[in-house]
Amino acid sequence: MDTLASKMVCHECDLLVDVPSLAVREKAFCPRCRYLLAANRPRAQRNVLIFSGTALLFLVLANAFPFLGFSASGQERSVTLLQSVTILVTENLPSLAIIVFALIILIPAIFLLAIFYVSIAIEGRRSLPAVSVVLRAALMLLPWSMAEIFLIGILVSFVKIASIADVALGLSFWSYVLFTLCMIVAVLHIDRREIWDQLHALSHG
């Protein structure tokens with residue numbers, strides 16, 4: 001896509017589409033399936049920088065405090081986000097623990113760091129080392145980030161557990177909610193075509 005600045009392949013139907021330069025707030029859709037190909041959102045790259053950085057901060061907080069607290073029959077227990085992974089190891093499910101850790105913490109963190117790095121290059125108008133490689137890696141990792149799926153699963157489990165025990169939502173839970181929301185907003189502002197165009201301009205500037 002960085003070599004064909006005016007062309008994009010639709011992610012839904014694989015149609016090669018000529019995408020013209022877009023005015024602010026203008027969008028381009030696939031003529032075959034109406035998939036959103038590109039959108040020129042005002043201050044999009046700055047928003048990616050801000051929300052990816054904020055999401056990283058909330059992810060750190062989500063791992064620093066209790067995530068959930070349980071109280072039943074006079075006994076209380078709190079669980080951190082990382083403990084929810086280590087519990088799987090103690091239950092002889094190390095492979096599942098690795099997968100869960102990767103999908104809800106590691107991959108989102110790497111993606112956010114990568115896109116934050118790319119955004120610094122674009123906003124600072126300077127070509128940073130391996131920035132194109134970092135962007136490719138980020139876009140490859142994005143489909144494997146399951147933070148929002150994990151959060152939905154937690155909410156479903158919360159409804160079931162609440163019938164047998166008192167459940168308290170810890171500071172880390174709310175931090176993870178804010179992390180997920182900030183990450184979603186950052187992703188929504190990513191325009192792959194525009195980012196590649198700007199990186200191409202920086203490398204040849």
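The values are calculated or read from the model by the stated rules, or taken from the named source; none is laboratory data. As the structure is a prediction and not an experimental result, all values here were calculated from the model. FYI the Cβ positions are ideal-geometry reconstructions off the backbone, even for glycines, and counts take in every protein chain you see.
Residues in the range 37-65 that are among the basic types (Lys, Arg) and in contact (Cβ under 8 Å) with a residue 12 or more places away in the chain: Arg41, Arg46. Note on the range 125-160: residues that are surrounded by 15 or more Cβ atoms within 10 Å (Cβ to Cβ), farther than 28 Å from Glu194 by Cβ and at pLDDT below 90 amount to 1. Looking for something under 16 Å from Ala55 (Cα atoms) and in contact with a helix residue (DSSP H, G or I) (Cβ under 6 Å, 6 or more places away or on another chain) - is there at least one such residue anywhere in the range 125-135? Within the range 125-135 (the criterion being under 16 Å from Ala55 (Cα atoms) and in contact with a helix residue (DSSP H, G or I) (Cβ under 6 Å, 6 or more places away or on another chain)), the answer is no, since none of the residues qualifies.
Of all residues being charged (D, E, K, R) and free of Cβ contacts under 8 Å to residues at least 40 places away in the same chain in the range 125-180, which is farthest from Ser73 (Cα to Cα)? Just the residue, please. Spell out how you get there, then give the answer.
Taking the range 125-180 as the starting set, the residues that turn out to be charged (D, E, K, R) are 125-126, 136, 148, 160, 166.
Going one step further and asking which of them are free of Cβ contacts under 8 Å to residues at least 40 places away in the same chain, we end up with 136, 148, 160.
Numbers: Arg136: 52, Glu148: 32, Lys160: 17 Å.
In this case the residue turns out to be Arg136.
Condition check: modelled with pLDDT of 95 or more, under 15 Å from Asn63 (Cβ atoms) and surrounded by 13 or more Cβ atoms within 10 Å (Cβ to Cβ). Does Ala109 satisfy that? So Ala109 passes the test. State the number of residues belonging to the range 66-82 that are free of Cβ contacts under 8 Å to residues at least 40 places away in the same chain and either loosely packed, with under 15 Cβ neighbours inside 10 Å or acidic (Asp, Glu) (or both). Going through the range 66-82 one residue at a time, the tally reaches 5.
When residues in the range 83-95 are screened for being buried (at least 16 other Cβ atoms within 10 Å of the Cβ) and of a type in the set (Val, Ile, Thr), 1 of them pass. Taking (1) loosely packed, with under 15 Cβ neighbours inside 10 Å; (2) under 27 Å from Phe179 (Cβ atoms); (3) not small (Gly, Ala, Ser) in turn, Lys7 satisfies each apart from (2). Filtered by the rule that a residue be of a type outside the set (A, V, I, L, M) and farther than 15 Å from Arg192 by Cα, the range 86-116 gives Thr86, Thr90, Glu91, Asn92, Pro94, Ser95, Phe101, Pro108. The residue that is surrounded by the fewest Cβ atoms within 10 Å (Cβ to Cβ), counting only those in the range 172-205 that are of a type in the set (Asp, Glu) and assigned to a helix (DSSP H, G or I), is Asp197. Looking at the structure I just gave you, is Pro31 in the same structural domain as Thr180 (by TED's automatic domain parsing) and over 27 Å from Ile120 (Cα atoms)? No.
Check whether at least one residue in the range 2-16 is modelled with pLDDT under 90 and in contact with a Pro (Cβ under 8 Å, 6 or more places away or on another chain), and report yes or no. The answer is yes; a qualifying residue exists.
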